[in-house]
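The values are calculated or read from the model by the stated rules, or taken from the named source; none is laboratory data. Please read all numbers here as calculations on a predicted model, not as lab measurements. Using ideal geometry, Cβ is built from the backbone for each residue, glycine included, and neighbour counts are taken over all protein chains shown. The protein model used for the area step is the full one, side chains on, heavy atoms only, and it has no ligands, DNA or RNA in it. Shrake-Rupley method; radii C 1.70, N 1.55, O 1.52, S 1.80 Å.
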Amino acid sequence: MKLLQQFSDDLEALVARAAPAVVGVEHSRGHGTGLFLTPDGYVLTNRHVVMRTRKLTIQLSNGEELRGELVGGDAPTDLAVVRAEGTDFPTLPLAEPGSVRVGQLVMAIGNPFRLEQSVSLGVVSAINRSLPLPNGVLLEGMLQTDAAINPGNSGGPLINTRGQVVGLNTLVLPYAQGIGFAVGASTAAWVASLLIQRGKVERRFLGIAATAVNLDTRLAKDTGQPRAVKVLKVQDGTPAHDAGLQVDDLLLAINRKTVNSVDDLQRLMALATDEEVTLDVLRKGGSRKKLSARTRPRVEPVAA
């Protein structure tokens, strides 16, 4: 009984610390949730919560309402940044990359069905899920959780027991129960940084379908990394095809930066400043190759 009471007290304290940084995001066509990333008012939320509007209202945990303005959004990750008027806002830290594990206890805070500051508890059910959306966008590197997520939770934080944001609650499967998805904190960190700096995320187009894989013990030792990105498809006439990339190639690095996940691939293609990128590839059979791909700007699908 004492252990249960301690657990309950710890959860209560966690909610008390985290809740002030969680906000409501309102506009004429709907509502959602967000969280303060910086004390000067940058709020992270989902793109689908705020798209096609610039007039926003940010509702604080104490009920105060502030005017908000859309800074920018990114369709491939369904993330957006909004700026609220004011300073000295409470913030929530993002969890370190790689710190999320299946089975971890997590808490979702948000405004489902306009029920402000609702809290639900669950676990991380899976990591690195890929989800195709009806508008042609493929969300990759998603966290799966059984913490209750409902309409209005979108854009709210998924928090670990240390009070760190492990993901941004994004969607649920409408035909299922206890299956929700969040954009991982590592993705949110670099996307939010680019949106704040540039107002958008521009990626170089490579032309592959890929997935992250664990390397066996020998390959991990030989390459010096535990994971890589496996090429599943190479589109004809694309920079990847012209560079000689092949199906089943393991992509180890881009411009000498290690690639452990599809998120790493997306991030490095967004940060690439030159047309030509260098690909470090391990080919089936064990041969190591360096390929040069002359990339071009990626055209994102337009969400409906």
(message) Could you check region 1-45 and list, in sequence order, the residues that are in contact (Cβ under 8 Å) with a residue 40 or more places away in the chain, out of contact with any Leu (no Cβ under 9 Å at 6 or more places or on another chain), over 20 Å from residue 94 (Cβ atoms) and in a strand (DSSP E or B)?
(response) 31
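Scanning for something under 16 Å from residue 157 (Cα atoms) and open to solvent by 30 Å² or more (accessible area, probe 1.4 Å), does region 75-83 turn up at least one residue?
If we filter region 75-83 for residues that are under 16 Å from residue 157 (Cα atoms), which is where we start, we get 77-82.
Filter once more, so that each one left must be open to solvent by 30 Å² or more (accessible area, probe 1.4 Å): none.
No: region 75-83 contains no residue that is under 16 Å from residue 157 (Cα atoms) and open to solvent by 30 Å² or more (accessible area, probe 1.4 Å).
Which of the residues belonging to region 105-115 are crowded, with 19+ Cβ neighbours inside 10 Å and either modelled with pLDDT under 90 or assigned to a loop (DSSP other than H, G, I, E, B) (or both)? Lay out the reasoning, then the answer.
Step one: filter region 105-115 for residues crowded, with 19+ Cβ neighbours inside 10 Å, giving 106-112.
Scanning region 105-115 gives 111, 112.
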(request) Find all pairs meeting these conditions: Cβ atoms under 7 angstrom apart; at least six residues apart or on different chains; first residue within region 95-117 and on the phi > 0 side of the Ramachandran plot and of a type outside the set (Val, Ile, Thr); second residue in a loop (DSSP other than H, G, I, E, B) and open to solvent by 30 Å² or more (accessible area, probe 1.4 Å). (result) 113/150; 113/151; 117/61
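What tally of residues in region 152-186 results from selecting those that are surrounded by 16 or more Cβ atoms within 10 Å (Cβ to Cβ), assigned to a loop (DSSP other than H, G, I, E, B) and not aliphatic (A, V, I, L, M)?
7
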(message) When you check residue 258 against the structure, is it open to solvent by 20 Å² or more (accessible area, probe 1.4 Å) and hydroxyl-bearing (Ser, Thr, Tyr), yes or no?
(response) yes
(message) All but one of (1) open to solvent by less than 20 Å² (accessible area, probe 1.4 Å); (2) at pLDDT below 95; (3) not aromatic (Phe, Trp, Tyr) hold for residue 26; state the number of the condition that does not hold.
(response) (1)
(request) Considering (1) closer than 27 Å to residue 297 by Cα; (2) open to solvent by less than 20 Å² (accessible area, probe 1.4 Å); (3) out of contact with any Gly (no Cβ under 9 Å at 6 or more places or on another chain), say which one residue 225 fails and leave the rest. (result) (1)
(message) Here are the criteria: (1) touching a residue at least 60 places away in the same chain (Cβ under 8 Å); (2) open to solvent by 90 Å² or more (accessible area, probe 1.4 Å). Tell me which single one residue 270 does not satisfy.
(response) (2)
(message) Checking residue 90 against (1) in a strand (DSSP E or B); (2) at pLDDT 95 or above: exactly one of these is not met. Which one?
(response) (1)
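Mind checking whether some residue in region 66-78 is of a type in the set (A, V, I, L, M, F, W, C), closer than 24 Å to residue 202 by Cα and in contact (Cβ under 8 Å) with a residue 40 or more places away in the chain?
First, the residues of region 66-78 that are of a type in the set (A, V, I, L, M, F, W, C): 66, 70-71, 75.
Going one step further and asking which of them are closer than 24 Å to residue 202 by Cα, we end up with 70-71, 75.
Still in the running and in contact (Cβ under 8 Å) with a residue 40 or more places away in the chain: 71, 75.
For region 66-78, residues of a type in the set (A, V, I, L, M, F, W, C), closer than 24 Å to residue 202 by Cα and in contact (Cβ under 8 Å) with a residue 40 or more places away in the chain: present.
Identify the residue in region 93-102 that is part of a loop (DSSP other than H, G, I, E, B) and at pLDDT 90 or above and, among all such residues, is least open to solvent (accessible area, probe 1.4 Å).
Within region 93-102, the first condition is being part of a loop (DSSP other than H, G, I, E, B), and the residues that meet it are 93, 95-102.
If we keep only those that are at pLDDT 90 or above too, we end up with 93, 95, 100-102.
Numbers: 93: 69, 95: 8, 100: 27, 101: 136, 102: 93 Å².
Taking the candidates together, the pick is 95.
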